[in-house]
Each structure stands twice: as C-alpha cells, then as structure tokens.
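The next block holds one structure in the form of structure tokens; read it before the comments.
The values are calculated or read from the model by the stated rules, or taken from the named source; none is laboratory data. The structure displayed is predicted, hence computed values, not measured ones. Because the Cβ atoms are built from the backbone with ideal geometry, glycine has one as well, and the counts that use them run over all protein chains shown.
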Amino acid sequence: MIPESADEVTLPRPGANRYDRMEWAGAFGDLGTLIPFVAAYIGVLKLDPFGVLFAFGLSMIVCGAYYKTPFPVQPMKAIGAVASIQAVQTALVTPAAVYIAAVATGIIWFILGVSGLMARLARLVPPAVVIGIMLGLGFGFMLQGIKMMQSDWIVAAAGMAGTLALMGNRTVPAMFVLLAFGAVVGGVQNPELLSRLGSASIGFKTPSMALTDVGGNQLFVGVVLLALPQIPLTLGNAVIAITDENNRLFPQRPVTEGRVAISTGIMNLFSGAVGGIPMCHGAGGMAAHVAFGAKTGGSVVILGGVLLALALFFSQSVEALFQLLPAAVLGVVLFLTGVRLAAGSSVLPAGRGDRIVVLVCAAACMWNVAAGFLIGIALHHLNARGMLKL
C-alpha cells in the first residue's frame, strides 16, 4: 500500500539521514521523470552527458544533506519540452542556449528568494490552487504512465503486479525488483545495449566552464524562449507545491518558499556553469521517492552519488544505460508516482466554488501546469467576487 501521509509511516528522528535498503529503493523512484528528459537532452540536443549528470549528482547530494527529507531535484519540464521540439524543428536551440537558460533561471529564483519577494508571491496563491496543481500533476503522471505502458502491456502488467505485491515490503523493496525486471527485459529485447555496456571503458573526467562562447542569438533563445515561459510552472509546482508537500509529509523538517527559491537559484547557476540543464524541485519527485520507501534525504544523496559516479567515470555509456530500461517499466514508475501524489492531495475544500477551482485547475494542469496555475488564480478571484456560477 502506498502511504498517503506522514502519519502512516514511522519517521526517523529529525535531522538524521538514513541509508538503509528502503532509502536505496526510494532513491530510484524518480527515474520515470529523470530518464526521459535527460535522454532527450543528450540524444536530441547532443549535450555532453558529463555536465548534465555532474550537475544533477552534486545538486542532489547537497539538497539531500541540507533538507534531510526526500527533497527532489528534477529537470525543468517546460524548458526540456521546448528545447527538444525546437531542436527537432528549427535547430534554434543549442547546448549553449540551454546553459544560458539555466543561468537565467538561477538568477531569477535566487533574487526572488533572497529579497523576500518569494514569500509574498506565495501568499497570493490560494490553497485551492495548490491542491489543484498537485491533483492535476498526479493525474498527469498517471496518464503519461499509461501511455508509456501501452508500448508493451505484458511487460507493464507483470511489472505492476510485482511492484504492488511488494509495495511496503522492507525485506525486498519493490523498486529494486522493478529495476532488475526492467534491466532483464531491456537486455532481452535489445542485446546490443548489453554489448555496448559490456565494452564500455572507464575514463575519469573533470568539470570545465561551459559558458565560454555565447552569442546574442543563444542569449535570446535561452532567456526569452526557454527561461521565461518556465516561471509560472516552477512557481506553482517546484516552489509552492513542493513546500506544501514537504511540510505535510515531514512537519519535523519544515521548509519555506524562500529557501526553496534560493536553492533553485543556486543549483541552476551551478548547473549552467558546468554544462548542465535547468533543474527544479518538483512535488512529483518527492511523491516518487516516498512511494518507493524513502523517508529521509539519504535517498536523494544516494541517487546523487550514483549520478556523480556515472558522470566522473562512465559518462560516455550513459545513453545506452538509460535505453536499457523499457518505456513500459518507466510507465509503471510514473503511474504509481501519480497515484501517490493525487492521493495525498485528494481532500477537497468544503465550499462548492473552491472545489470548482481545484477541479478546473487540476484538469488544466494535466495539459499544462503553467496554464493551470494561471487559470486557477483567475477562477479563485472570480469565486471570491461571487462570479463563479457553475
């Protein structure tokens, strides 16, 4: 059974990270979001895998050690989607533009955090909109998971059955079994990937400055086309919603929107400098880690350590490694993450108007979180004026 709140699990003492088998299992709960976006950046935009993984790995280690809850580090979804589409259709987006987008994003959120403006913005977002965002994200994850599972229903059904049977089992963590099952299926379906991984060589790399040759066009694309459209999505999901999610599940380790904005800013400034991608703290990521057993920041430190090791020693083999897990197995991970996130935000407000705001906001967020956030704010103000008649 997937726990719906902090009351349903035994929490460790405040301030302590754990690194037991459940933290290891929970560490890999967010792969359904991480792998597709990272693979797209590396495969489509041809970003150097080293910079992407190095930035993720070090950021996760620092966030897990600092927050001491399963505080996630994820790719920024709107920027990732726009970047991939632009690269395919118009070739306007270059790796340098992605690095610029990360730096611009970092500057924006760092200023909002240290200036205190983030706290003021957060107070303007009503609870109904926060619930709607989380509910919509949950259903969106479930829908995307179903789409991915359609690629191989037999594999998906077997993976889902085994995972549900082991969910909550502390002796045999469900995520370990699901990943092992996925690796075996991937190896059988694509034996050439095993050959590529088997012949991979170990080569140590060190970070270097990525922002060495930036032109005006890349600056425009990175700031205007990539960074600015991401702001509403990050505000709703990766600052306000994750703060609410963390404080609901881990009241002994509370965070504020200002702290989250500052950490978002710092890790993006670092990521852009070393050749990484724009990153954020998504509420769905915490749901994913917790759903598969994580209760402390140890899970995030573990995943960060794995990614850092891949960056330093195996970055040229990462694309083949990511391709080994079938889409159907990643779909199972996304679907269960969505269930966990939607279940945790399923208590609707008492007022009919507020319930309408939640449901419409959630429905819109399944299409576009930034649009859902803005629609929810507009409906809230209409409801407050008695103009929402449905």
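Numerical summary
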read-out: Answer residue from region 258-277, given it is touching a strand residue (DSSP E or B) at 6+ places or on another chain (Cβ under 7 Å) and not hydroxyl-bearing (Ser, Thr, Tyr) and is nearest to Thr94 (Cα to Cα) among those; value: Ile277
read-out: Candidate set from region 118-175 (those that are among the aliphatic types (A, V, I, L, M) and touching a Pro at 6+ places or on another chain (Cβ under 9 Å)); member that is farthest from Trp367 (Cα to Cα); value: Leu166
read-out: Which listed residue, of Ala327, Ala343, Ala371, Ala311, is in contact with a Leu (Cβ under 7 Å, 6 or more places away or on another chain) and within 30 Å of Ser59 (Cβ to Cβ); value: Ala311
read-out: Any pair with Cβ under 7 angstrom, 6 or more apart, that starts in region 176-194 at a residue that is farther than 14 Å from Ala320 by Cβ and ends at one that is in a helix (DSSP H, G or I) and hydroxyl-bearing (Ser, Thr, Tyr); value: Leu178/Thr163
read-out: Lone qualifier among Ala363, Ala291 - being closer than 25 Å to Pro232 by Cβ and within 22 Å of the chain's Cα centre (by Cα); value: Ala363
read-out: Residue count for region 43-67, restricted to those that are crowded, with 20+ Cβ neighbours inside 10 Å and either in a helix (DSSP H, G or I) or out of contact with any helix residue (DSSP H, G or I) (no Cβ under 9 Å at 6 or more places or on another chain) (or both); value: 16
read-out: Boolean, Ala342 is closer than 20 Å to Asn247 by Cα and under 19 Å from the mean Cα position of the chain (by Cα); value: yes
read-out: Looking only at region 153-171, and only at residues there that are within 24 Å of the chain's Cα centre (by Cα) and assigned to a loop (DSSP other than H, G, I, E, B), the one that is nearest to Gly331 (Cα to Cα); value: Met167
read-out: Some residue of region 314-327 being in contact (Cβ under 8 Å) with a residue 60 or more places away in the chain and either in contact with a strand residue (DSSP E or B) (Cβ under 6 Å, 6 or more places away or on another chain) or buried (at least 24 other Cβ atoms within 10 Å of the Cβ) (or both); value: yes
read-out: Which numbered condition Leu233 fails, given (1) under 25 Å from Pro75 (Cα atoms); (2) free of Cβ contacts under 8 Å to residues at least 24 places away in the same chain; value: (2)
read-out: Residues that are closer than 19 Å to Thr163 by Cβ, surrounded by 17 or more Cβ atoms within 10 Å (Cβ to Cβ) and either out of contact with any helix residue (DSSP H, G or I) (no Cβ under 6 Å at 6 or more places or on another chain) or of a type outside the set (Gly, Ala, Ser) (or both), drawn from region 184-212; value: Val185
read-out: Unmet requirement for Ala87, which otherwise passes all of (1) over 17 Å from the mean Cα position of the chain (by Cα); (2) surrounded by 20 or more Cβ atoms within 10 Å (Cβ to Cβ); (3) modelled with pLDDT of 80 or more; (4) among the small types (Gly, Ala, Ser); value: (3)
